[in-house]
Structures are given as C-alpha cells and as structure tokens.
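Here the structure is laid out as structure tokens; the discussion comes afterwards.
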Amino acid sequence: MAFFQLGLRRAAVQLSRPSVFCARAAFNASQQQKLVQLATPASTILKLVSQARHTQSRNYATQKVQESPLSKLATDIAQPAPSSDKSEKKSSFPETSSKSVAYWLLASAASVFGIVIFGGLTRLTESGLSITEWRPVTGSLWPGSQEEWESEFEKYRASPEFKMLNSTMNLQEFKQIYFMEWTHRLWGRFIGMSFVLPTIYFIARRRVTPRMACTLVGISALIGFQGFIGWWMVKSGLKDDLFAPGSHPRVSQYRLAAHLATAFVCYSWMLLAGLSILRTHKAINFPEQAVKNFTALQSPALRVLRGSVAALTVLIFTTVLSGALVAGLDAGLIYNEFPMMGNGLAPPKSELLDKFYSRYEDGSDLVWRNMLENPSLVQLDHRILAMTTFTAVCALVAYSRSGRVKAALPPAARKGITGLLHLVSLQVALGISTLIYMVPIPLAAAHQAGALALLTGVLVAGQRLRIPKATLAMAQRRLAQLAQQAKTQGPK
C-alpha cells in the first residue's frame, strides 16, 4: 500500500503543473476529486496513473506542434515586432541635406562654369573638329607615340575642315588644336565622374533628402545627355556635304545652341540646389531672422517684383541662346560697329529677309529661317534682345527702390537686384567691345563668361525672393522648440 501511495504522490505532483490547454485544466479538476478518495483500490490507482501519463504525453505533443517554427513564423507575420528607432533612422532619409552636399554642388557648378568658358575658347580657336571620333572610354587617353599622332592626324586630314580651311596645317599645328578639344572632352568626363559617384555615395549614406536625391539623379542624367549632345554637335561639322564648293565647314548653329543651353541649365540646377541647402541650414541656425525675412517676402508689394525677376530670367536665357546662334554663324564678324549697322540702325529689309535662306517655293519659311540662319538678322536680333535685357534690368532696379517695394524688400534681396545692374552694364560693355574689335579671343571669352555671370545674378536674386515653404516650416518649428526650452529652463 505504501508503494501505491508513493506513486500517487508523484502523479499528483506532475498533474499540478500549469497548462495552457483547456483539456488539461479539466483533467486536473477531475484528478483533484479522485485524490480525495484515499481508500480507492490499487487497480483503480494504477488505472489513474496510466491515464495521467497518457494525457500528459498528448498535451506535450500538442504543445510541440503549436510551438513549431512554421507556427512561430505565422505568429510573427500576424503580429510583427515593432522596429527600434535606431533601425528606422538608418533606413530613412534626413529632413535636411548635409552641408557638405551644398559645397560639393557649388564646386561642381564652378567646374561647369569653367568648362563653358573653355568650350568657348575651343570654338574660337576652331579646335572643336580636330577629333573626328567619339570614344567615351579610350578617347580619354593622350596619343603616346608618333604612330598614334600620325593616325589621328590622318583622320583629321579626311575631314571637311582640313580640306576646305586648313589644308596647309602640319602635325605640330594639329597637336595644338587637338590639345584644346581633348582637354575639353576630358574635363567633361571629369565633371561626369566627379558628380555621379558622389551622388551614389550621398544617397546610399542618406546624406540628402528624398527631393534632393531626385535632383542629384536628374543632374547626373543631364550630364550624360550633355555628352551625347556634344558629339551630336561635332558630328554636324563632319558631314560629306560640307565638301561642296563654297561651303564653310562648321558645326550646326542649332546644335551649338542646344549644347550651350544644356550646359547653362546644368549649371543653374547645381547652383540653385546648393544655395537651397545652405539657405535651409541658415534658417535652422537663425530661425528668428529667417521667419522675419520670410514674413517680409510674403508682402503683396513684392508679388510684381517676384514675377518680374522670373520674366527677366527667361529673357536673359533667350538672349544667351541668341548669342549661341551668333557664334555658330560667325555673325559677329559683320557690321563691326555700334549702334549703327551700315547706314542705319538696321540693314535693309531685302538683306534681313533674303529669299536665299528659304527652302520652300511659297516662302512659308522665309521669316523664321532668316531669323535663325541669316547672319545679318541673327546679329540684329541679338542686339535687340541685349538692349531689351539692359533696359529691363534698369527698370527692375528702379522699381525695387520705389516706396512700398523698398520698404518691404529684405536687404539680401535688395543687394541681389542691385548687383544685376553692375553685371548687365559690364556685359553690354564686353559685347560692344567684342563686336567693334572683330571678336578677339580674350574679349569673346569674357563676353561668354559675362553672360553666365549675369544669369547667375538673376538666379540668386530670384532665389532670395522665393519663399520655400518647407524651409519656413522648419524655421518655425525650430523657433518654437527654442521658445519651449527657454520656458522650461525659466529665468536664471
């Protein structure tokens, strides 16, 4: 009997363990009722122990099935564990882009500014057609042997420019123009690599906002497109129809204008992106002054001024494109006087609307083809656009100093608009000097640099007049945080 009592105690201890299943709870209740009857026969006790062991093994099997990996995975999917703040920060973009990105963008814009000027020098020295192939990778290598130089020179001697203009050129003279075009192309490759690779790094390291990341990708694509346009332009000067008698081998003025316009857009995009980052950081560091300036810019008195600056930007860009047509047609080599063009302010109408440039018998393309292909009318258009730009800048400066506008205009925006007057005056002086002295290379390059500087000035002025809503919101939040901190700390 003692043996059965010992077994009964062991069964009671095992059955008293907590269980998560309803079947086992029911079993424990029935077991407790049976334990009360101590005088139960031995056969009944053995049956009870056997039943307890059978029920326990069945419950353990059920518990193992429910705690299997598939069951646990299903539970995790149904109820995902909340991620930590640290992991969320690593996988998200910041609210503001890094200052280092702004400095890199401005440095890239300066590099584009330089290549635009050097590209003008390449065109002025008639070096752009010296390399007759487009090899994006192997073309970056400088010819290292006499055989390679002879091969490059032989390719150039088969071009229309050599046959029609430079038939007496020797190898040493060819090396000089080859160096100009090779440097221009190598500089372009450097700009592409020095922009695309940092773009990948900054986005991967989450140093930029999502919007700025899209901007960087867009600029990278534009740089690649610019390389394609450059070769497309050069290819227009290598056509076989330029071997015809009386033709002048040069690149298409349309493609030259497209190449210059793309460079100006790329430069402007880099400049504005960099300035916007610096402006955001300044607003966060000095929120009180930033909110004050943004509030002043919301004045209705500045609405007309803001629209006028935007219209002036379009006018300046149009004048730049007109200058590209002048350069492509060598229109600066005629009528080298100012303000007269021959016996009057404009050439005769028969010269301006020459039927020679029309390709249709009905003359439906007479006007627009003369405007884009007739050197006389192209130069007259550029003069009109340039003087219109000068007059518009003077009017804008005068308007900015009127009563209500002057009172509402922040000092930074006022300085930007005043700087436009200095830039446009310098540009007009350079343009007239370049025309009178028959396009000397230093003056022509300075005139092209002045155009880009004038565009820079109007972009900066427009950026200072613009009200970035996101930056304003961040400055207001920062100001509220500082006020809350001051209120919490209290007077010392």
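Per-residue SASA remark: Val137, around 120 Å² accessible (1.4 Å probe; ligands, DNA and RNA not included).
Let me have the relative contact order for the range 92-271, percent, based on Cα pairs under 8 Å that are six or more residues apart.
Rounded, it is 37 percent for the range 92-271.
With every protein chain in place and a 1.4 angstrom probe, the accessible-area ranking of Cys266, Cys394, Cys214, largest first, reads Cys214, Cys394, Cys266.
How long is the gain from Ile441 to Ile117 if the chain were fully straight, where each residue apart is worth 0.36 nm and the alpha carbon distance is subtracted?
On the way: separation 324, 0.36 × 324 = 116.64 nm, distance 1.11 nm.
Here the segment from Ile441 to Ile117 would lengthen by 115.5 nm.
Modelled spin-label separation between Val314 and Lys163, with each label point placed 7 Å from Cα along the Cα-to-Cβ direction: 4.5 nm. Label separation (Lys406 vs Thr125): 5.0 nm, computed from points 7 Å beyond Cα along the C-beta direction. Holding the Cα-Cα limit at 19 Å, pick out from Lys175/Lys239; Lys282/Lys487; Lys292/Lys469; Lys99/Lys487; Lys282/Lys469 the pairs that are longer than that. Over 19 Å Cα-Cα: Lys175/Lys239; Lys282/Lys487; Lys99/Lys487.
Please arrange Trp149, Trp142 by accessible surface area, largest first, computed with a 1.4 Å probe and ligands excluded. Working shown, then result.
Numbers: Trp149 15, Trp142 105 Å².
Result, largest first: Trp142, Trp149.
What fraction, in whole percent, of alpha-carbon pairs in the range 356-458 exceed 22 Å separation? Tail of P(r) above 22 Å: 48 percent of Cα pairs.
Taking 0.36 nm per residue of separation and subtracting the Cα-Cα distance, what length does fully extending Phe93 through Thr138 add?
Values: separation 45, 0.36 × 45 = 16.20 nm, distance 3.79 nm.
Result for the pair: 12.4 nm of gain on full extension.
Determine, at each q value in 0.09, 0.12, 0.14 (inverse angstroms), the log₁₀ of I(q)/I(0) that the Debye formula gives when each Cα of the range 285-491 is one equal point scatterer. The calculated log intensity ratios at q = 0.09, 0.12, 0.14 Å⁻¹ are -0.50, -0.74, -0.88.
Quick check: residue separation of Gln289 and Leu238 times 0.36 nm, minus the Cα distance between them. What number comes out in nm? Using 0.36 nm per residue and subtracting the Cα-Cα distance, I get 12.6 nm.
Among the GluC sites (Glu not before Pro) found in the range 117-215, those both in a DSSP coil and sparsely packed, with 13 or fewer other Cβ atoms within 10 Å of their Cβ, are Glu133. The convex hull of the Cα atoms of the range 421-463, projected and averaged over all directions, covers 2.6 nm². Taking label positions 7 Å along the Cα-Cβ direction at both Leu482 and Ser194, the computed distance is 3.6 nm, reported to one decimal. With θ taken as phi - 60° and the Karplus curve 6.51 cos²θ - 1.76 cosθ + 1.60 applied, the whole-hertz 3J(HN,Hα) list for the range 185-190 is 5, 5, 4, x, 5, 4 Hz, x standing for glycine and proline.
Taking Cα atoms of the range 92-271, Rg/Rh with Kirkwood Rh, to two decimals? If you can, show how the numbers build up before the last one.
Details: Rg = 19.0 Å, Rh = 17.9 Å.
That ratio is 1.06, to two decimals.
Sorting 221-228, 397-404, 417-424 by their mean Cβ neighbour count within 10 Å, with the most densely packed peptide first, gives 417-424, 221-228, 397-404.
The values are calculated or read from the model by the stated rules, or taken from the named source; none is laboratory data. This is a predicted model, so every value here is computed, not measured. For neighbour counting, all protein chains shown are included, and Cβ atoms are generated from backbone atoms with ideal geometry for every residue, glycine included. Only protein heavy atoms, including side chains, enter the accessible area calculation; ligands, DNA and RNA are left aside. Shrake-Rupley method; radii C 1.70, N 1.55, O 1.52, S 1.80 Å.
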